[in-house]
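Throughout, read-outs are computed from the coordinates displayed, never taken from laboratory work. The structure presented is a predicted model; accordingly, all values stated were derived computationally and were not measured. Cβ placement follows ideal geometry from the backbone for every residue including glycine, while neighbour counts extend to all protein chains displayed.
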Amino acid sequence: MTDITITALPAAPLHVFEIWSNPAVVANRFEAALGSSLPVLGAALQLSAMRLIRYEPTVWLAEGDPAGLAEILGADGSLTAIGGGVVRVRLGGPGWRSLLMEGGVFDAESADFAAGSSAATLIDHVNVRLYVESDDACLAYVPLSYARDMIHFWTVAAKSLV
Amino acid sequence: MNGPRRGGAAGAIRFTFDGRALLARPGDTLAAALLANGIGLVARSFKYHRPRGIMAAGVEEPNALVTVGAGGREEPNTRATDLFVYDGMVARSQNRWPSLAFDAGSVLGLAAKALPAGFYYKTFFGSAKRWMFYEWFIRRAAGLGDAPTAADPDRFTQRAAFCDVLVVGAGPAGLSAALAAAEAGERVMLVEQDRILAPSLVRDPQDLDPAWAEATAARIGELGGRILLRTTAAGYWDDNLITVSQRLAEPGEPPAGGIAQRLWHVRAGRVILATGALERPLAFAHNDRPGVMLSQAVRTYVRRFGVVPGRRVVIAANNDDAYLTATALRDAGAEIVAVLDTRPVPAGATSGFPVHNDAMPLATKGARHHLREVSARVGGKVMHWRADLLAMSGGFTPVVHLHMQAGGAALEWDDASQSFLPGGARQNVVSVGSAASVAPVGPTPPPENPGKAFIDFQNDVSLGDVDLAWAEGYRSVEHLKRYTTLGMATDQGKTSNMAALGRLAEKQGVAIPEAGLTTFRPPYTPVTMGLLAGRTERDAGAHLRRLALFDVHQAKTPIWQPLGYWKRPRAYPQGGENLAEAALREARSVRTAVGMTDVSTLAKFEVSGPDAVQLLELVCATTVGKLAVGRGRYTFMLREDGLVFDDGTVWRLAENRYLLTSSTGGADRMAVHLSYVRQFLCPQLKVSVVNVQEHYAGIAVAGPTAKAVLAGLIGEEVPRHMSAVGASIAGSPVMVLAASYSGERAFEIYAEASLAEPVWNACEAAVTAQGGSLYGMEAMEFLRIEKGHLVVGGEVDGRLTPHDLALDKMLNKAGGYIGAAGLARPGLTAPGRKQLVGLEAIAGTIPEGAMLVTALGQPAGGHVTAAARRVLESGSIALGQLVDGFARHGEELVATSPTRSQSAAVRVVAPHFYDTAGERYRD
């Protein structure tokens, strides 16, 4: 069995950060306020109190304290809470990439999927978002209703990995 | 079998075959172990129950099919040549009674002339009832193994893999190709169906030292390549997707990690097929007798397994490869009594064996299921040899299955080898090694007794059957296949198709490539259904969706109701109540006091932004723009064709922020619809649509005292019907929407899912204090039917218009909503449409789903969409769809369900049975 830990993390504030107009202006405001650019598709931005993951072309997932984001958006977008419906699961250990291939359709074993990367994919028919914390850990954002079964799925699958 | 058995130790792996305890050596296939134990009779043929032995040494084996394992792990029709023996293995022969040696079914062989190709079609005429009679006998007389009846206890997994290069086949060519790719820095995956690398090098070590294979594999591994043994590339699909089945345990073997097999979905940049070639048998009379084997297979048993299948051996071939078998047998101590070479002198002249040129076997004779004699025509003269083994080789057929599945444009005919070679391909795939090129062969004389010269051993199809099909007018190769069953079943014609094509071409008077080819379809070798199903045979990969409050409900031991992937409480029985009793008590609690239920699964979308109302007025067919902040209203949605596909409520939570709810069952569809509208129909809008279905857990509190309950919970004035307020319950912020689906004053309380449990507990305590109870979906159904509320999937089935559902007065008169144009079609307002009606029983209980007819035997004019009993009074009521139903109130019909033998006389009424004025919503 490959050494993998599967840990459901406590609920955290999660918000949808969506821009509907003037994306360049919002991006400038974001950079001016937070000192970093908005992350591009497939990437995430880790700040001290918040992580921002590009979700869709005009949507980011804001994890953590969203203070200041509403002001950055102004009239060009909105912030909507979704944290109650998402369970964060940390897949730790050197085997997390192999584990994500179980029931998956996404190349988690690619060297390009490095720390700081993010992805949206299906795992065993469940829509899951991924964020690579480090070479030894990946966060999976799982819909609440599927979370218990997914954790069970991963726990069983981990036993079959060698 | 008369020939010498294996020398040396007997082996230490215990297994049984037909109950007989035997021993095998590590690495033995079942076929090798049976031969080593002197067992030559392994199976009975499909149709004539002819005795059959082991013909091949790989996946192409057509004869030696066995059932292996016990209980849920039992696997029928497993090739003994593709099954590695493990300790405790239980194998048994199949399609025989009472025993393999004495099979009563073999009497069919005596009547073989009366049972030719197409026998079923010519014999079993008449009605379907007659066929049921015939089938009973046919199924007992012919067939393969029996499917297991117990559930498979093991698990199956599916896994993705990506690589630059997938190499199929770990022979010398495959290993070389994989090494070259790995050394070029490419991500390499190499799969091999055998359990060892380069098995051909063990058979023919003169080609290359088998140690080379291990060293090469080690180097590939060092370079990051992945090598999977016991793994078969079974299917080749579009975009270089290859499905690969990996055995983690042998058939019937309890898997060490609980997982029996893994299905890999491999996406490859390019694919290299090093799949080798299959040896072809020769066609002559009684070529299916135990002791008649393929030449390379014999060499494999000798060199790889140390088993010499015969002592006195005749070799018959049209190529040079068979001489290698003669050498291997001679080195192992067998006597080569004759080499029958179809080619003229000088073929084999310097081999040192008793070679007979221009020679072709005529027939074999046997005793007690063993080979005893081989006769041949040698240059016009008939000769006979006593022999217990005949090793034959009719040349080689490259394994082009995956190439053709990949969309191979065509196969190229190679006259020298009399085989098809892979040609061009639409995908990035190339064949190498003997999959791309095989050695030339000499002539293959036709048999003198085609009726006994088998070409498809698995289906008992002889050359005589091909001749018969031709004589009866079957010209296409596809028709030939279906008429004779040639090339079907588990081996898919791996050893038979070329012989059949050759015969068909001969009949047509054309070259073989002009005779046509049948289609190469996945899988290359049989794949168990469990592997395709996914995680287990029970859930087929479908997860259960749990409510945020699942554990809270579970503690109350409800009756659960599957709803899509969701599981929702159907009722909470108390004191031995059954479902109906519990549901009625719960519904009456709502009608007379108060009840609460979990409504978390409702679809919920937060729509925000200055253009939110524009989007909502496009999606919803009702007006939205006039909603005041804090107010809500019922709404419904149309498809572009004007038909209703969902309904719900829309709430204005703030100036530019709305909550849209819709049905549970249509939640995913609505999410897709909203995404389509947002991104394609009006990307210019300044609006955000966020699916918050799971963010909020929902609790509905309903009943005459619901208002009092809620007032106590939130400590402030409760909202009036179709109004919304923010509040706090048990310290958690909640959103309270005054909406009803029960006919009573009711409130939906939404809390962030992670904070919902204390809210539920507080509500339950308050409801209980008021004499109320929990209620589940069954009671909810009673209540909503009585009130005449619609349900998506029942009354709203995607075929009715707002008018059909009596919702047309709510339509946005300004138009502009999706479906407005479609709704204007004349056909949607023409007479003869089904319309929503209520039904009340005159006598009996209305069966749900029943047809509505004017009298029994008359055509259906509608159907019952939902039925229930009245909650406080007696009587059966229902909702239904009825042709021109609005104009038929008062008419008496029959609701009949022939499949359940249930009928009830009903009267058509308005679809509201309770509080038709809506007074109970008002404070």
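Beyond 23 Å between alpha-carbons counts as too far, so tell me which of B:Lys47/B:Lys113; B:Lys452/B:Lys481; B:Lys809/B:Lys834; B:Lys567/B:Lys834 fall in that bin. Beyond 23 Å between Cα atoms: B:Lys567/B:Lys834. In this simple spin-label approximation, B:Ala654 and A:Thr5 carry label points 7 Å from Cα along the Cα→Cβ vector, and these lie 3.9 nm apart.
Note on B:Arg219 and B:Asp551: the extension gain reaches 114.3 nm, defined as 0.36 nm multiplied by sequence separation minus the Cα-Cα distance. Rounded to the nearest 5, what % of the DSSP beta bridges within the protein assembly as shown are antiparallel ones? In the protein assembly as shown, approximately 80 percent of DSSP beta bridges are antiparallel ones.
Packing around the peptides B:881-887, B:356-362, taken as the average count of other Cβ atoms within 10 Å per residue, puts them in this order, highest first: B:356-362, B:881-887. Full extension of the chain between B:Glu716 and B:Lys113 yields a length gain of 207.7 nm, computed as 0.36 nm times the residue separation minus the alpha carbon distance. Label-to-label distance, B:Thr123 versus B:Asp915, with points set 7 angstrom from Cα along the beta-carbon direction: 7.2 nm. Each of A:Ala111 and B:Arg799 was given a label point 7 Å from its Cα along the Cα-to-Cβ line. The distance between the two points is 5.9 nm. Residues whose amide H comes within less than 5 Å of that of B:Ala850, counting only those at least five positions distant or on another chain, are B:Val864 (H built at 1.01 Å from N in the peptide plane). For the range B:155-275, the Kirkwood hydrodynamic radius from C-alpha pairs, put into Stokes-Einstein at 10 °C and a viscosity of 1.306 mPa s, yields a diffusion coefficient of 109 µm² per second. Mean per-residue shielding of peptide B:688-698 is 6, counting Cβ atoms of other chains within 10 Å of each Cβ.
Listed values for the range B:336-353 are Karplus-derived 3J(HN,Hα) couplings in whole Hz (6.51 cos²θ - 1.76 cosθ + 1.60, θ = phi - 60°), namely 8, 7, 6, 10, 9, 10, 5, 7, x, 4, x, 3, x, 4, 9, 6, x, 9, and x replaces Gly and Pro.
The range A:120-160 and the range B:664-738 have Cα centres separated by 28 Å. Considering helices alone, the calculated mean residue ellipticity of chain B at 222 nm is -6000 deg cm²/dmol, with DSSP H runs of length four and up weighted by -39500 (n - 2.57) and normalised per residue. The Cα center of the range B:610-657 and the Cα center of the range B:311-345 differ in position by 85 Å.
Counting Lys and Arg as +1 and Asp and Glu as -1 over every other residue whose Cβ lies under 12 Å from the Cβ of B:Asp915, the net charge comes to +2.
When each of the peptides B:483-496, B:449-462, B:615-628, B:724-737 is scored by the mean number of other C-beta atoms lying within 10 Å of its residues, the order from highest to lowest reads B:449-462, B:483-496, B:615-628, B:724-737.
Working note: Debye formula, equal point scatterers on the alpha-carbon atoms of the range B:831-923, no solvent; log10 I(q)/I(0) at q = 0.21 Å⁻¹ is -0.94.
Per-residue 3J(HN,Hα) values for the range B:176-184, derived from phi via the Karplus relation 6.51 cos²θ - 1.76 cosθ + 1.60 with θ = phi - 60°, read 5, 5, 5, 5, 4, 5, 5, 5, 7 Hz in sequence order (x marks Gly and Pro).
Axis of helix A:23-34 versus longest Cα principal axis of chain A: the two differ by about 80°, to the nearest ten degrees. Between the range B:362-401 and the range B:858-917, the alpha-carbon centres lie 76 Å apart.
All distinct Cα pairs of chain B go into the 1/r average, and the inverse of that average, the Kirkwood radius, is 33.1 Å.
Note on chain A: Kirkwood hydrodynamic radius from all Cα pairs is 16.3 Å, rounded to one decimal.
Other residues within the sphere of radius under 9 Å centred on the Cβ of B:Asn240, judged by their own Cβ, net out at 0 (K and R +1, D and E -1). Computed over the range B:429-471, the alpha-carbon pair-distance distribution with 10 angstrom bins reads 23, 30, 27, 19, 1, each value a whole percent. Within the range B:661-722, the GluC sites (Glu not before Pro) that combine a DSSP coil assignment with at most 11 other C-beta atoms in a 10 angstrom radius are B:Glu717.
Across q = 0.05, 0.06, 0.08, 0.10 Å⁻¹, the protein assembly as shown modelled as identical point scatterers on its alpha-carbon atoms has Debye log10 I(q)/I(0) values of -0.47, -0.65, -0.97, -1.18, in the order of the q list. Please determine, in degrees from 0 to 90 and to the nearest 10, the orientation of helix B:579-592 with respect to the longest principal axis defined by the Cα atoms of chain B, where the helix direction is its Cα long axis. The two axes meet at around 20 degrees.
What does the charge count around A:Leu69 come to, taking other residues whose C-beta lies under 15 Å from its C-beta (Lys +1, Arg +1, Asp -1, Glu -1)? Each step should come with its number before you reach the end.
Numbers: positive: A:Arg29, A:Arg51, A:Arg54; negative: A:Glu18, A:Glu31, A:Glu63, A:Asp65, A:Glu71, A:Asp76.
My count for the surroundings of A:Leu69 gives -3.
If the Kirkwood radius is taken over C-alpha pairs of the range B:295-373, then at 10 °C and 1.306 mPa s the Stokes-Einstein diffusion coefficient equals 123 µm²/s.
Using every pair of alpha-carbon atoms in the range A:14-83, split the distances into 10 Å bins beginning at 0 and state the percent of pairs per bin, rounded to integers. Percent of pairs per bin, in order: 23, 64, 13. The long axis of helix B:756-769 is offset from the longest Cα principal axis of chain B by roughly 50 degrees.
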